[in-house]
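Step one of this worksheet: look at the structure below.
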Amino acid sequence: MHSRRSAEPSETAETSSDGEHVDAIVVGSGFGGAVAAARLAQAGFSVTVLERGRRWRPGQFPRSTDLEEGWLWQVGQGLYDLRWLKSMLSLQAAGWGGGSLVYANVFARPAAETQDDRWPLPLRRQALDPYYDLAGTMLGVSPVQPDLLTGVVPTRTTFVEDIVEQTQIRPAMIRPNLAVRFGASEAWSRNLHGVPQRGCAFLGECVLGCNRSAKNSLDLNYLAVAEQHGAAAVTGAEVTRIAPDESGWSVWSKEGGGGDEHLVRRTATRLILATGSVATTELLLRSRDVDHTLPNLSPTLGRGFSGNGDQLALANFRRGDGDLTTGPTITTTTVLDVWERSKSVWFQVQDGAVPAVISDMLDQLLPLPRLRSWWTKLRRNDPARTIALLSMGHDSGTGRLELDHHGEARLRWANRWQSRLYRAEERVGPLIARVTGSRVRSVIPWSIFKKPVTVHPLGGVPTGRDSDTGVVGPDLQVHGYPGLYVMDGAVLPASTGANPSATILAGAEHAIEGLIRTLTGDSSWRAPEWDRVQPVPAPEDEAYEWIARRRRDTAGDGIVFDEHMHERAPDGAPGGELQVRLEASSLDRFRADPEHRLSVDGTITLAGLPGTHHVTGELHMFPRHGRHLMGYDLRFTDQDGQAWIGEGLKSQRGSGPLARYRSLTSAQLILHSESDPSRSIRTRLVLHPHNVLGNGLSLRGQGFTFPRRVKALVNFSAFFMTGVFGFHRRGDGD
Ligand SMILES: Cc1cc2nc3c(=O)[nH]c(=O)nc-3n(C[C@H](O)[C@H](O)[C@H](O)COP(=O)(O)OP(=O)(O)OC[C@H]3O[C@@H](n4cnc5c(N)ncnc54)[C@H](O)[C@@H]3O)c2cc1C
């Protein structure tokens, strides 16, 4: 196991000095570090980037089922760094390109309306939108494209779109922008930065590192630009200690490995930390509390940690066919806003390809061959019909990273597993299982220990006006330590609720532009690529807007039922009928409304008016004011194009249960032509006993989960029966 304890460097034989003093050292080559390195180098500064992981070339990413063959940072300094933070498992990557090497390519902006007061104005959508465009242009993003070989998008994309089609929230589903190069998968061509890439081969292996150079990872764009402009890249350099000195900053890194491990000291005028939320916070905590090289760091260090509300589940579909593992890892996003214990909970869910090697590897984790074969038979899962469901949203973001007695980060967080967000996210599985007949399981840390797994660790280095309120100022410079900056996910003030890398990029672009303008004295300095930037469409915004509108309109669970009434025409003539669907999209709102209104949509035919007409309007059910029990407000246009409006009233006539039944099953309908006030129709509609039964049987609850639908049904039935028996109080609350 790789030791994380702070190194004790001294100017002895084990420590060497390397290279010349540079203008800036950037530690970490992930999203924040890549932006800082590229822009500083473009602006003419000498830059060294120190990255603990390797430079992974196409074809070198691990594919063996043996965990020791390059997979884990903790075992031979491999690709994935799994950090058990005691109350959460955090996944990140190690290598030249950081998280971009293994990420699922989604380039998403957060929903503006969910960015609360913790988001300073410069980091909010409105201010950062141009920088998102810049970052999107740098990466080259677009939604999933058809595979050139088959002419269609991946099976999984249309498969999950069909599932959502059945749930009334289709407009809340989009195909997000992906940092993937689409096009001929065999031909090499140069990207915007002159780096050769191939088109996506739809292998669904993005989260294992792309062996074909089709993923637009940072080594192929930002970091390539940095190197083209003279930045020195040092991989296999794990920074263990930092300290201010007379030249600016000293940085020690552990290098070599394989028996030749030694510490190297480098110096720079400025130091930019970008080792990711957990590692950056940990390095600063050690600098303050163990090494005492930065003793005056803010007491807020470690606070504001968020797992971005991540939840991971696996769904296995038994029905249907087709390989769900192909295509880029993620291809769709569905935004949800549901009621959970009287509050609205906003989150989003993405589909994920599960590469076959991961399924194989999970099986291999079982120790005995017989146990393995027993398990494989028991689970009866077809790996080609398994997908990951990744949910993310707004957790409280009140976690606190601190050091344990080994000097390693651990998370202290009263992050209750019963929280509204986790409960709401957990309901997605059963919903999908119900609609599709599939089996959905949460991943083990959650299903057994109720410990979340995050692939989006954020926060730990709060921003504030001074060191009492934050570690860094708005310019991301550390309070009390001039020349030291933090530019990575650690400085995001709260969960993004969306995949965060675009926000880390945009935030770093904004911050580094400000720093370069200050350093050069050129207030108009900007990244050269601005000249090529086009607004990058943000498909997620349409989903965000639709779901926000839906919440405003429906706020809660609702009910729907049919009403079928017949016209009692004079003189026994054949009568018409009113056939409508009645809906209260929010039962809470329906009950709070003194008029208890339901929407009406259906058809009407009348003896006195030829044709069948589409009718809309409202039904007022046991309104608190007025003398009638129920009243229809109807509107339709007849065959001649004349608009009609009118009302159908069910009024109390007589007393006693029989009179009450008669009153509720008969309505006086009076209609007026809007264009010709002299034209009117007066008739009576009745509910036959079989219609009473049919109407009752058509009643359905609407809600996110089965219990909620049942609850809506029961609550509405109780309201209705209270009205039928005359117990609603007039001019008063329910
Ligand atoms: C499986 C997976 C899928 C994901 N999918 C998406 C997605 O689709 N969209 C999205 O927006 N986000 C996604 N993410 C999250 C995304 O990768 C992170 O939010 C992002 O990488 C964080 O960027 P960063 O700059 O903070 O740090 P990182 O990208 O983590 O970079 C930190 C770098 O610092 C290096 N480092 C750490 N410690 C040291 C040290 N002491 N010395 C030297 N170097 C060091 C690391 O090796 C690493 O290269 C995914 C993450 C995972 C794990």
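For this structure, a couple of remarks:
- Rg followed by Dmax, in Å, when segment 555-724 is reduced to its Cα trace: 16.3, 52
- Dipole magnitude of the chain about its Cα centre (Cβ charges: Lys, Arg +1; Asp, Glu -1), debye to nearest 20: 2760
- Total formal charge among the other residues, if their Cβ is under 14 angstrom from that of THR520, Lys/Arg +1 and Asp/Glu -1: +1
- Rounded to the nearest angstrom and listed largest first, the equivalent-ellipsoid semi-axes of segment 21-550 from its Cα gyration tensor are 35, 25, 25.
- Using bins of 10 Å that start at zero, the share of Cα-Cα pairs per bin across segment 541-624 amounts to 17, 34, 27, 16, 5, 1, in whole %.
- Rounded, prolate or oblate (a/c below 1.5 giving rounded, otherwise prolate when a/b exceeds b/c) for segment 427-466 by Cα gyration tensor: prolate
- Note on segment 405-436 and segment 488-522: Cα centroid distance 28 Å, given to the nearest whole angstrom.
- 30 Å Cα cut-off, lysine pairs counted over the chain (separation 8 or more, or different chains): 13
- Between the listed residues THR683, GLY53, LEU634, the Cα displaced farthest toward the positive end of the dipole of the chain, a dipole computed from Cβ unit charges relative to the Cα centre, is found at THR683.
- Span per principal axis, largest first, for the Cα atoms of segment 84-139 (Å): 34, 31, 15
- Rounded to the nearest 20 debye, the dipole size of segment 71-161 about its Cα centre is 280 debye, using +1 on the Cβ of Lys and Arg and -1 on the Cβ of Asp and Glu.
- Under the Karplus curve 6.51 cos²θ - 1.76 cosθ + 1.60, θ = phi - 60°, whole-Hz ³J(HN,Hα) for segment 519-531, x wherever Gly or Pro sits: 5, 8, x, 9, 6, 10, 4, 8, 4, x, 5, 3, 5
- The relative contact order of segment 11-128 comes to 19 percent, based on Cα pairs under 8 Å that sit 6 or more residues apart.
- Selection among GLY194, ALA231, PRO176 by position relative to the dipole of the chain gives PRO176 as farthest towards the positive end (Cβ unit charges, Cα centre).
- Sorted by Cβ neighbour density within 10 Å, fewest at the top, the residues TYR632, TYR661, TYR222: TYR661, TYR632, TYR222
- Sorted by Cβ density within 10 Å, fewest first, the residues PHE706, PHE45: PHE706, PHE45
- Ranked by the mean number of other Cβ atoms within 10 Å of their residues, highest first, the peptides 329-338, 312-321 fall in the order 329-338, 312-321.
- Cα lying deepest toward the dipole's positive end in the chain, options ILE242, ILE559, ASN715, charges on Cβ: ASN715
- Cβ charges +1 (Lys, Arg) and -1 (Asp, Glu), total dipole of segment 555-724, debye: 800
- Neighbours of ALA643, meaning other residues whose beta-carbon lies under 14 angstrom from its beta-carbon, give a summed charge of -3 when Lys and Arg score +1 and Asp and Glu score -1.
- MET361, MET173 arranged by Cβ crowding within 10 Å, fewest neighbours leading: MET361, MET173
- Relative contact order, percent, the chain [alpha-carbon distance under 8 Å, six or more residues apart]: 15
- Relative packing of peptides 229-235, 403-409, 281-287 - highest average C-beta neighbours within 10 Å first: 281-287, 229-235, 403-409
- Segment 299-313 and segment 254-290 have their alpha-carbon centroids 22 Å apart.
- Computed over neighbours whose Cβ is under 9 Å from that of VAL239, the net charge equals +2, Lys and Arg +1, Asp and Glu -1.
None of the figures in this text is laboratory data; all of them are computed from the coordinates on show. These numbers were taken from a predicted model, which means no experiment stands behind them. In this analysis, Cβ positions are derived from the backbone assuming ideal geometry, glycine residues included, and neighbour counts consider all displayed protein chains.
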